[in-house]
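Below you'll find the structure I mean.
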Amino acid sequence: MAAGTLLDVRNLRVTFDTRKGPVEAVRGISFALGREKLGIVGESGSGKSQTGRSILGLTPPPGRVEADVIDFAGVDLVRASGAEMRAIRGKRISMVMQDPKFSLNPVMQVGDQIVEAFQAHGGISLPSAREKALEMLNAVRIRNPERVMRAYPHEVSGGMGQRIMIAMMLAPDPDILIADEPTSALDVTVQLQVLAILDDLVTQRGMGLIFISHDLPLVATFCDRVLVMYAGRIVEEVAAKDLAAAKHPYTRGLMNCLPRLDDQHGMLPVLDRDPAWLDT
């Protein structure tokens, strides 16, 4: 693994067995992650989320994950034991799911859930865990964290729920954060706030961030590098600042389908797909 590389993924495949035969959700992709913001974009069903979940061993049955290697700190995550994965999952690699409503426990106060994360991965006392939980809520820019600690998930907004999830996932100070559509359910103002938090934390902590999204303009302005996925494959890799000038016809098609205020046409263009893209 090259110097500065946190994660090295080679020939990753995720397959689901169905009544009609095996379906490949991820089809032999390879990439490396350093201390950077790596975006993964594509349509729904392109394999973005399954890529993130497979890294942490969260692919649900009947899914199967295969790879030549998923190397993290000298550990092959595909062949790691349950004990090895428990030591890594959450503590060294964390994942923020798309919707906090389904990730937070509805019958536990927010503070108790963050404290639990600290105690599970840090082995610290309850008073120390509560103090650190308050510090983490401050870090993600939540006002009046003492009040939020006592709140239940249904009592907070979507934006605040997403910040709470980020606080929980960052509690163990991980090396890598996987964020799956972390801003898709948020309004523009809150979205920018959450992105600023992620950007600050990645810069200050020196983490690697995998940012999964379908929002190409957002990824172009936020990330350092972008992987474009189509039908389970990576069809293009490009510097985020150059995404608007991407060369692959699929990426160009996605960019052309974006609505523009200065476009006088009544209908958005339809993406023309080429079967040859599956062979690239």
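In the range 247-267, how many are without any contact (Cβ under 8 Å) to a residue 40 or more places away in the chain, closer than 21 Å to residue 45 by Cα and of a type in the set (A, V, I, L, M)? Break it down into steps so the answer makes sense when it comes.
Kept after step one, since they are without any contact (Cβ under 8 Å) to a residue 40 or more places away in the chain, are these residues of the range 247-267: 247-253, 255-257, 259-267.
Subset that is closer than 21 Å to residue 45 by Cα: 248-253, 255-257.
Checking which are of a type in the set (A, V, I, L, M) leaves us with 255.
Within the range 247-267, residues that are without any contact (Cβ under 8 Å) to a residue 40 or more places away in the chain, closer than 21 Å to residue 45 by Cα and of a type in the set (A, V, I, L, M) number 1.
Out of the range 126-142, which residues are of a type outside the set (A, V, I, L, M, F, W, C) and either within 25 Å of the chain's Cα centre (by Cα) or modelled with pLDDT under 85 (or both)? Before the answer, list the steps.
If we filter the range 126-142 for residues that are of a type outside the set (A, V, I, L, M, F, W, C), which is where we start, we get 127-128, 130-132, 135, 138, 141.
132, 135, 138, 141 - these are the residues of the range 126-142 that are of a type outside the set (A, V, I, L, M, F, W, C) and either within 25 Å of the chain's Cα centre (by Cα) or modelled with pLDDT under 85 (or both).
A further question on this structure: Filtering the range 123-142 down to residues that are among the small types (Gly, Ala, Ser) and over 12 Å from residue 170 (Cα atoms), which residue is surrounded by the fewest Cβ atoms within 10 Å (Cβ to Cβ)?
Taking the range 123-142 first, the residues among the small types (Gly, Ala, Ser) are 123, 125, 128-129, 133, 139.
Imposing the further condition that a residue be over 12 Å from residue 170 (Cα atoms) reduces the set to 123, 125, 128-129.
Working: 123: 8, 125: 11, 128: 13, 129: 22.
Ranking the qualifying residues of the range 123-142, first place goes to 123.
Find the residue count for the range 71-100, including only residues that are in contact (Cβ under 8 Å) with a residue 40 or more places away in the chain and assigned to a strand (DSSP E or B).
Summing the residues that are in contact (Cβ under 8 Å) with a residue 40 or more places away in the chain and assigned to a strand (DSSP E or B) in the range 71-100 gives 6.
Can we say residue 73 is over 20 Å from residue 13 (Cα atoms), crowded, with 21+ Cβ neighbours inside 10 Å, of a type in the set (A, V, I, L, M, F, W, C) and within 22 Å of the chain's Cα centre (by Cα)? Write out each step before concluding.
Working: over 20 Å from residue 13 (Cα atoms): yes; crowded, with 21+ Cβ neighbours inside 10 Å: no; of a type in the set (A, V, I, L, M, F, W, C): yes; within 22 Å of the chain's Cα centre (by Cα): yes.
No: the conditions fail for residue 73.
Okay, moving on. Checking residue 39 against (1) in contact with a Cys (Cβ under 7 Å, 6 or more places away or on another chain); (2) without any contact (Cβ under 8 Å) to a residue 24 or more places away in the chain, which test does it fail?
The single condition residue 39 does not satisfy is (2).
This table checks each residue for (1) on the phi < 0 side of the Ramachandran plot; (2) touching a Gly at 6+ places or on another chain (Cβ under 8 Å).
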{"site": "181", "(1), (2)": "no, no"}
{"site": "189", "(1), (2)": "yes, no"}
{"site": "193", "(1), (2)": "yes, yes"}
{"site": "197", "(1), (2)": "yes, no"}
{"site": "214", "(1), (2)": "yes, yes"}
{"site": "229", "(1), (2)": "yes, yes"}
{"site": "232", "(1), (2)": "no, yes"}
{"site": "244", "(1), (2)": "yes, no"}
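Please give the number of the condition residue 64 fails out of (1) part of a loop (DSSP other than H, G, I, E, B); (2) under 25 Å from residue 23 (Cβ atoms).
The failed condition is (1).
Give me the pairs: first residue in the range 225-246 and touching a residue at least 12 places away in the same chain (Cβ under 8 Å) and closer than 19 Å to residue 37 by Cα, second residue among the basic types (Lys, Arg) and surrounded by fewer than 19 Cβ atoms within 10 Å (Cβ to Cβ), beta-carbon distance under 9 Å, and six or more apart or on different chains, which are they?
What qualifies is 236/247; 238/247; 246/252.
The values are calculated or read from the model by the stated rules, or taken from the named source; none is laboratory data. Source: prediction; values computed, not measured. Every residue, glycine as well, gets a Cβ built from its backbone with ideal geometry; the counts of neighbours run over all protein chains shown.
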